[in-house]
Every structure is written in C-alpha cells, then in structure tokens.
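Below is one structure, written out as structure tokens; the observations come after it.
A short reminder: the numbers here are calculations on the coordinates, not readings from a lab. These numbers were taken from a predicted model, which means no experiment stands behind them. Counting neighbours? That spans all protein chains shown, and the Cβs are built from the backbone with ideal geometry, glycine included.
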Amino acid sequence: MRTNERFSTKEAAVLAGLSEKAIRHEMARDIARPESVRVGKVMRRSMDARDIYYLSLVSSLPVALKPEDRRDLYALIRRRLSKRGRWESTIRRLRLRGDVGIEIDSAKVRRDVDRRVTVFLRGRRRVMSDPKVVGGAPIFTGTRIPVRHVGLLAKKAIPVKEILEDYPALDGRDVEFARLFVELRPDPGRPRKALELRRTG
C-alpha cells in the first residue's frame, strides 16, 4: 500500500467513495487523524492510502459501527496491529467480535484501494493544461482530449469500449481517472451574474 503519497481530504473522499462531510465527521469525533502539512502559508489536512483503506472499509460495511469500534479499527490499520478492541486482523480478513459479528474480506478492499490509488496517481501525471490548447482545459498529455469530457461520458455509463473506440489514444485507466477527475471537480456551471442595485422613485 502506497503510504508515501499524500492526498487532500477531497481526493481521499472520492477515492473511498464517500463525501467530504463523512470524513470531516470522522475527524470531528477524533477517529480519523490525518496529518497536517504546510502548503505555501496554509496548513492542510493530508491523508495517505491507509486512511483511504480505512474509509473504504467503513463505507463498505452493511451496518454503522459505534464510534469506539471505528476508532479501534482506524488505530489497528494505522499501526498495523493484529488486535485492537473487538477487532482481529489476519492477512485476508478483518473480524469484529461481539453480538453482531462482522467479517470483512479486507484483502479485496485493499486491492480495490491500491488499484484506485494507482489509477489516480498515474492519471494525475497524464494531465496537462496549456492556454493555447483547448482553451486551457485539462487534457491528456500528448492529445487534445479534454479530461472532463471523457469523465462525463464515463459518468453517463457509456461503455468504456465505446469511449476507447472514439479516443484510441486513451486506455481504460485513463477513462477511470477521468471519472474520478469529474467527481473531484464538479462542473461549476455558468457564473452567476452580479446583482445590480438600482434606485427607484
């Protein structure tokens, strides 16, 4: 699992399939504790793949966990423990003991997270923006293909095979990244007109 790469809370939310509000909720309850890193003069919250793995596990569960069970699960993942609170961890499984026993195929969740993170990091390197090309919209390097356009096609459930037939310079990972890109940067729509105040009478 890539623990040296850092992600904003928004990126982590998209990669885990959660809302940013859900992550802020975990931080407010002192469950998830992302690092603070300096970006210019501002301190920002920064997460890594283990944080995304934890968030993906929580979002995949069929039941809501108590805060203390979430806190123990987070600590177990961050510290690579085999036991914490009511949790037990093996190479392939996570088990929560108690009245309602829960068992998770953690290896599958880990593989899914690794794949999404790898696709995202590769895609981020593949994107460029040049004011002279397509009006400065982000495009895939070496092409004139706007990332947003491809992502919107993917979000409309157009088969990847069809998208690749129209854009043979891309591959399936590019399409998957483009879909994530659109989730990270929703279309702002038309800018609002400024209010104009007029005197009457």
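Report the relative contact order of region 9-112, percent, no decimals, based on alpha-carbon pairs under 8 angstrom and at least 6 residues apart.
18
Could you grab the relative contact order for region 129-184? Cα pairs under 8 Å, six or more apart, rounded to a whole percent.
Taking the mean separation of contacting Cα pairs over the length of region 129-184, I get 31 percent.
Considering the alpha-carbon set of region 9-112 alone, what are its Rg and its Dmax in angstrom?
Answer for region 9-112, Rg first and Dmax second: 13.8, 49 Å.
Using modelled backbone amide H atoms (1.01 Å from N, in-plane), which distant-in-sequence or interchain residues come within less than 5 Å of residue 127's amide H?
When sequence neighbours closer than 5 places are left aside, the close amide H contacts are 141.
At 222 nm, what helix-only mean residue ellipticity would the chain give, in deg cm²/dmol to the nearest 500, using -39500 (n - 2.57) for each DSSP H run of four or more?
After summing the helix terms and dividing by residue count, I get -14000 deg cm²/dmol.
May I ask which of 10/108; 21/66; 66/156; 132/161; 21/41 have a Cα-Cα span longer than 28 Å here?
66/156; 132/161
How high is the relative contact order of the chain, in percent, with contacts defined as C-alpha pairs under 8 Å that are six or more residues apart?
15
Quick one: check the C-alpha center-to-center distance for region 37-67 versus region 108-167, whole angstrom.
24
Which whole-number percent of Cα pairs in the chain have a distance greater than 24 Å?
52
Quick one: Debye curve from the C-alpha atoms of region 129-184, no solvent, what's log10 I(q)/I(0) at q = 0.21, 0.29 Å⁻¹?
So the normalised log intensities are -0.71, -1.20.
Using Cα springs under 10 Å in a Gaussian network model of the chain, which residue among 162, 183, 103 shows the largest mean-square fluctuation?
162
For a quick check: with amide H placed at 1.01 Å from N, whose amide H comes under 5 Å from residue 32's, ignoring anything fewer than 5 positions away on the same chain?
Counting only residues 5 or more places away or on other chains, the set is 27.
Give the residue list of trypsin sites (Lys or Arg not before Pro) in region 84-152 that are DSSP loop and have at most 15 other beta-carbon atoms within 10 angstrom.
Details: sites: 84, 86, 92, 93, 95, 97, 108, 110, 111, 115, 116, 122, 124, 125, 126, 132, 144, 148; in loops: 86, 92, 97, 132, 144.
Within region 84-152, the qualifying trypsin sites (Lys or Arg not before Pro) (loop, at most 15 other Cβ atoms within 10 Å) are 92, 97, 132, 144.
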